[in-house]
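Chemist: The structure's right below; bear with me while I get my questions together.
The values are calculated or read from the model by the stated rules, or taken from the named source; none is laboratory data. If you're wondering where the values come from, they're calculated on a predicted model, not measured in any experiment. Virtual Cβ from ideal backbone geometry, glycine too; neighbours counted across all protein chains shown. Keep in mind that these areas ignore ligands, DNA and RNA; they rest on the heavy atoms of the full protein, side chains included. Shrake-Rupley method; radii C 1.70, N 1.55, O 1.52, S 1.80 Å.
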Amino acid sequence: MIEHPHGFWQELYPPGHFAPVAGGWDRVFPGTLPDGRQIALPIRVLPGDGQQAVASLIVNQASFAVEAALVAAMAEALRRFDPEVVVGVPTLGLTLAAGVARALGHARMVALGTSRKFWYDEALSEPMTSITSPDQAKRVYLDPRMLPLFAGRRVALVDDVASSGRTLAAVLRLLARAGIVPEVAAFAMLQGEGWRAAVAASPMPLLAVRGAMTTPRLALGADGHWRAVEG
């Protein structure tokens with residue numbers, strides 16, 4: 001059991017370390033890496049009637065060991081696509097993207113931004129929200145100076161979590177404006193299935209989406225335990 005709030009995302013546990021309680025989950029949901037190791041994720045109740053929740057991952061609060069394990073799994077998932085440009089999605093995807101690009105042997109990555117620099121072109125921007133900050137609309141920008149890096153190259157996106165898919169769809173719309181078609185996106189965690197519809201409706205649907213971990217949406221049972229639900 002995780003005794004303190006700051007104890008989440010800090011340890012890599014052996015396969016099968018976390019077991020469900022009475023067929024459900026209490027405060028902790030285990031994220032499972034491809035090699036079976038587990039990461040303790042806090043269960044966050046979503047706004048509304050208190051009956052829906054998700055397993056949460058905040059990468060910049062994770063230990064370096066957990067971050068490194070996520071980066072390694074994401075890089076391995078991308079390796080077969082042989083990307084030549086890795087694009088980091090702000091904010092929490094930027095650290096992961098740097099690590100993934102480094103693991104793939106790249107000299108750099110391309111960072112999108114949410115802060116408009118004076119030399120940016122408003123046409124290379126797109127409004128963006130996310131499940132964790134639905135009321136904080138902002139814009140995501142592509143620095144026009146980066147455009148030559150994409151010419152004729154295979155592109156991969158890297159971000160922390162795919163949940164509603166709104167952020168990913170906004171990034172795909174932004175890149176479509178510049179004629180950039182990513183082949184794949186890699187996430188530290190795929191949270192539920194809601195992101196699929198947003199990606200499918202984007203102007204240039206991705207070839208593939210990969211996640212180091214997958215977690216379901218959760219619903220509160222009558223016994224007070226959380227259980228996986230569809231969607």
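Chemist: Tell me, what is the Rg over Rh of region 1-131, with Rh the Kirkwood radius over Cα pairs? Each step should come with its number before you reach the end.
Modeler: Values: Rg = 17.6 Å, Rh = 17.1 Å.
Computed over Cα atoms, the ratio is 1.03.
Chemist: May I ask for the net charge around His106, where only other residues with Cβ less than 14 Å from the Cβ of His106 are counted and Lys, Arg are +1 while Asp, Glu are -1? Walk me through the numbers on the way to the answer.
Modeler: Working: positive: Arg79, Arg102, Arg108, Arg153, Arg154; negative: Asp82, Glu84.
Summing Lys/Arg as +1 and Asp/Glu as -1 gives +3.
Chemist: How much of the accessible area of the chain, in percent, comes from carbon and sulfur atoms when a 1.4 Å probe is used? Can you show the working numbers first?
Modeler: Numbers: 5890 of 10930 Å².
Roughly 54 percent of what the probe reaches on the chain is carbon or sulfur.
Chemist: Right, here's the next one. What's the longest bit of the chain with no exposed GluC sites (Glu not before Pro), using DSSP loop states and at most 11 other Cβ atoms within 10 Å as the test?
Modeler: Values: sites that count: Glu3, Glu230.
After excluding every exposed loop site, the longest remaining stretch is 4-229.
Chemist: Can I ask one more? To the nearest 500 deg cm²/dmol, what mean residue ellipticity at 222 nm is calculated for the chain from DSSP H runs of n ≥ 4 alone, each contributing -39,500 (n - 2.57), summed and divided by the residues?
Modeler: -6000 deg cm²/dmol
Chemist: Given a 1.4 Å probe, how much area per residue of region 133-176 is accessible, in Å²? Mind showing how you got there, number by number?
Modeler: On the way: 1810 Å² over 44 residues.
With the other protein chains kept in place, region 133-176 gives 41 Å² per residue.
Chemist: What is the extension gain from Asp143 to Glu11, computed as 0.36 nm multiplied by their sequence separation minus the C-alpha to C-alpha distance, in nm to one decimal? Spell out each step's value before the answer.
Modeler: Working: separation 132, 0.36 × 132 = 47.52 nm, distance 3.63 nm.
Here the answer is 43.9 nm.
Chemist: When only Cα pairs under 8 Å and 6 or more residues apart are kept, what is the percent relative contact order across region 115-231?
Modeler: Working: 210 pairs, mean separation 25.3, N = 117.
Relative contact order of region 115-231: 22 percent.
Chemist: What ranking do 215-228, 166-179 get when scored by the average of other Cβ atoms within 10 Å per residue, highest first?
Modeler: Numbers: 215-228: 16.1, 166-179: 19.7.
Final packing ranking: 166-179, 215-228.
Chemist: So with the 1.4 Å probe, I'd like the accessible area per residue for region 53-129, rounded to whole Å².
Modeler: Working: 3410 Å² over 77 residues.
On a per-residue basis, 44 Å².
Chemist: Restricting to bridges with both residues inside the chain, how much of the DSSP beta-bridge set is antiparallel, in percent to the nearest 5?
Modeler: If we restrict to bridges inside the chain, about 55 percent are antiparallel.
Chemist: Okay, moving on. Can you give the charge dipole size of the chain about its Cα centre, rounded to the nearest 20 debye, using +1 on the beta carbon of Lys and Arg and -1 on the beta carbon of Asp and Glu?
Modeler: In debye, rounded to 20, the chain gives about 620.
Chemist: Let me ask something additional. Report the local net charge at Arg177: Lys and Arg +1, Asp and Glu -1, summed over other residues whose C-beta lies under 14 Å from its C-beta.
Modeler: Around Arg177, the surrounding residues sum to -2.
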